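The values are calculated or read from the model by the stated rules, or taken from the named source; none is laboratory data. From a predicted model like this one, the values you see are computed outputs, not experimental measurements. For neighbour counting, all protein chains shown are included, and Cβ atoms are generated from backbone atoms with ideal geometry for every residue, glycine included. Only protein heavy atoms, including side chains, enter the accessible area calculation; ligands, DNA and RNA are left aside. Shrake-Rupley method; radii C 1.70, N 1.55, O 1.52, S 1.80 Å.
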Amino acid sequence: MHMLSPPELKTLMDTQKAILFDIRGEDEFAREHIPGAVLLPGDQIDSSLRGAIGDREAVFYCTSGMRTRAAAPVIEEAGIKKSSVLSGGLNAWRDNGLPVVSKAGRGTTISLARQVQLTVGLLTLLLSAGILAGPVQLAYVTMAIGAGLAFAGLTGTCALAHLLMLMPWNRTVDR
């Protein structure tokens, strides 16, 4: 896949020769995205895009470029011939001083996926330390966390993510 620098993408966007797809999750897109980008989570990329793109170049991006590079085979399988990736993703775009659309007051909240990772990591660390220091029953809590992660991986449903979405910093309704 062809890599575009942020200035190159800006030129394509200004001349309307490209359509920009943000392959991140809905919560990340709502928090911050490139103006004119269309939300298209990576798992929704398929051949039906060809009609929507027309003769423009399809440019895909995520936060840093890693998810976009991982999605490259799916993009190619979808038969999208004129496609590119924003090199460095949204981070590089922002680092080049280019504009972003961001939800006021939401810029410091980290993505829901990272909140889950942080919560599970800290719980596992604390519980493991607790097991070493005393009650073996804490091992059951650690095993329950592992079972929850396995269930989330198998079903695509994460109870912890649903719980974290209820937290005040993750509410999408403006107060």
Residue that is farthest from the chain's Cα centre (by Cα), among those in segment 34-48 that are under 15 Å from residue 71 (Cβ atoms) and of a type in the set (S, T, N, Q): 47
Has segment 121-142 got at least one residue that is out of contact with any Cys (no Cβ under 6 Å at 6 or more places or on another chain), open to solvent by 30 Å² or more (accessible area, probe 1.4 Å), touching a residue at least 24 places away in the same chain (Cβ under 8 Å) and not acidic (Asp, Glu)? no
Can we say residue 34 is of a type outside the set (Gly, Ala, Ser) and either more than 19 Å from residue 96 (Cα to Cα) or open to solvent by 20 Å² or more (accessible area, probe 1.4 Å) (or both)? no
Among the residues of segment 71-88, are any touching a helix residue (DSSP H, G or I) at 6+ places or on another chain (Cβ under 6 Å), assigned to a strand (DSSP E or B), surrounded by 16 or more Cβ atoms within 10 Å (Cβ to Cβ) and of a type in the set (Val, Ile, Thr)? yes
I'd like to check something: does segment 78-86 contain any residue that is among the charged types (D, E, K, R) and modelled with pLDDT under 90? yes
Is one or more of the residues making up segment 51-59 of a type in the set (A, V, I, L, M), farther than 30 Å from residue 163 by Cβ, free of Cβ contacts under 8 Å to residues at least 60 places away in the same chain and part of a helix (DSSP H, G or I)? yes
Can you tell me which residue among 63, 68 is surrounded by 13 or more Cβ atoms within 10 Å (Cβ to Cβ), within 12 Å of the chain's Cα centre (by Cα) and part of a loop (DSSP other than H, G, I, E, B)? 63
Can you confirm whether segment 114-123 contains a residue that is assigned to a helix (DSSP H, G or I), under 25 Å from the mean Cα position of the chain (by Cα), within 26 Å of residue 59 (Cβ to Cβ) and at pLDDT below 85? yes
What number of residues in segment 98-113 are outside any loop (DSSP other than H, G, I, E, B) and either among the hydroxyl-bearing types (Ser, Thr, Tyr) or modelled with pLDDT under 85 (or both)? 3
Among the residues of segment 30-43, which ones are touching a helix residue (DSSP H, G or I) at 6+ places or on another chain (Cβ under 9 Å) and assigned to a helix (DSSP H, G or I)? 42, 43
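I need a count of the residues in segment 10-29 that are farther than 17 Å from residue 67 by Cβ and either open to solvent by less than 40 Å² (accessible area, probe 1.4 Å) or part of a helix (DSSP H, G or I) (or both).
Step one: of segment 10-29, the residues farther than 17 Å from residue 67 by Cβ are 10-19.
If we keep only those that are either open to solvent by less than 40 Å² (accessible area, probe 1.4 Å) or part of a helix (DSSP H, G or I) (or both) as well, we get 10-14, 18-19.
Residues that pass the stated criteria total 7.
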Among (1) open to solvent by 60 Å² or more (accessible area, probe 1.4 Å); (2) over 30 Å from residue 44 (Cβ atoms), the one test that residue 99 misses: (2)
